[in-house]
1. Give the long-range amide H neighbours of Tyr32: residues separated by 5 or more places, or on another chain, with amide H under 5 Å away, using H modelled in the peptide plane at 1.01 Å from N.
2. In nm, to one decimal, how far is the modelled label at Asn83 from the one at Asn138, with both set 7 Å along Cα→Cβ?
3. How far is helix 145-154 tilted off the main Cα axis of the chain, in degrees rounded to 10, range 0 to 90?
4. Which one, Gln21, Gln84, Gln103, has the greatest fluctuation when you compute a Gaussian network model over the chain with C-alpha springs under 10 angstrom?
5. Relative to the longest principal Cα axis of the chain, at what angle does helix 123-137 sit, 0 to 90 degrees, rounded to 10?
6. Considering the dipole of the chain built from charges on the beta carbon (Lys and Arg +1, Asp and Glu -1) around the Cα centre, which of Val63, Gly30, Leu107 is farthest to its positive end?
7. So how strong a dipole does the range 74-208 carry about its Cα centre when Lys and Arg Cβ are +1 and Asp and Glu Cβ are -1, to the nearest 20 debye?
8. How large is the charge dipole for the range 89-160, taken about the Cα centre, if only the Cβ atoms of Lys, Arg (+1) and Asp, Glu (-1) carry charge, to the nearest 20 debye?
Amino acid sequence: MSNRYRTILLFGAPGSGKGTQGKIIGQIPGFYHSSTGEIFRSLDLQTEMGRKFWEYAGRGELVPDEFTIALWKQFMKGVEFINQFHPENEFLVLDGLPRNLKQKELLDDVLDIKAIIYLRAERTKMFERLRRRALKENRFDDASDEVINKRMEVFGRETRPVLDHYPQNLIHRVDATMSQIRVLHEIVRVLVPLKEENDGLEISEAVGATAYAPAAEELAVGAWD
Ligand code: ADP
């Protein structure tokens, strides 16, 4: 048995909705959502780590790899320690990592990747979303078109190629321009069999539920059908 984290990767360009979907999936029992962007944003900007993040993210650049991975590992140890994440029976839903080949290599002995959800949309669509997010969430790294462009460019050059280095049968492409609930539906379709397999359930058993026969008392009071 490997002791790597059983992982679902949420993959996609800035503005593709990884964070939004990740948060929802993280509410499902058995799934723990971890977002590197959120971890970075929770840093105190007065600290050296916080300032480092601000410096790179403010330019639309990636934070240096070793620093990113070390911080993330430290965070994960913390959530295991305080019993928020139970890697022995839960899935890790990872959003925002790895973002380049170096990070992938640094994580290969930590992550056991079960599926990769690739949220895809046209660049112009994601651009619009980021502009809206800048207004709504006050994200400093969405504040200028120049920074957004830079992040898109970094995605195309460094992050997107990472996908070519994973087994292609793990990748599920999802159209990120569909409604949020439909995107969620597509993702859940991928997750259900993995979860059931993980729970040691036969999928057929789970789907073929036994017919429900209402008890006489229930019928008598006109109870639920
Ligand atoms: P988005 O996907 O919209 O760019 P994130 O919240 O994932 O937003 O990331 C915000 C910023 O945090 C990135 O632009 C980058 O500077 C930094 N960051 C997040 N994840 C990583 C990572 N894995 N490696 C390096 N920098 C990262």
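1. Phe91, Leu92, Val93
2. 3.4 nm
3. 70 degrees
4. Per the Cα network of the chain with a 10 Å cutoff, Gln84 tops the list.
5. So the helix axis and the longest Cα principal axis differ by about 90 degrees.
6. Among Val63, Gly30, Leu107, the one farthest towards the positive end of the dipole of the chain is Val63.
7. Result for the range 74-208 is approximately 900 debye, rounded to the nearest 20.
8. On the way: 17 positive and 15 negative charges, 84 e Å.
The dipole magnitude comes to about 400 debye.
Just so you know, all these numbers are worked out from the coordinates, no wet-lab data involved. What you are looking at is a predicted structure, and each value in this text was computed from that prediction instead of being measured. Every residue, glycine among them, receives a Cβ derived from its backbone with ideal geometry; neighbour counts consider all protein chains shown.
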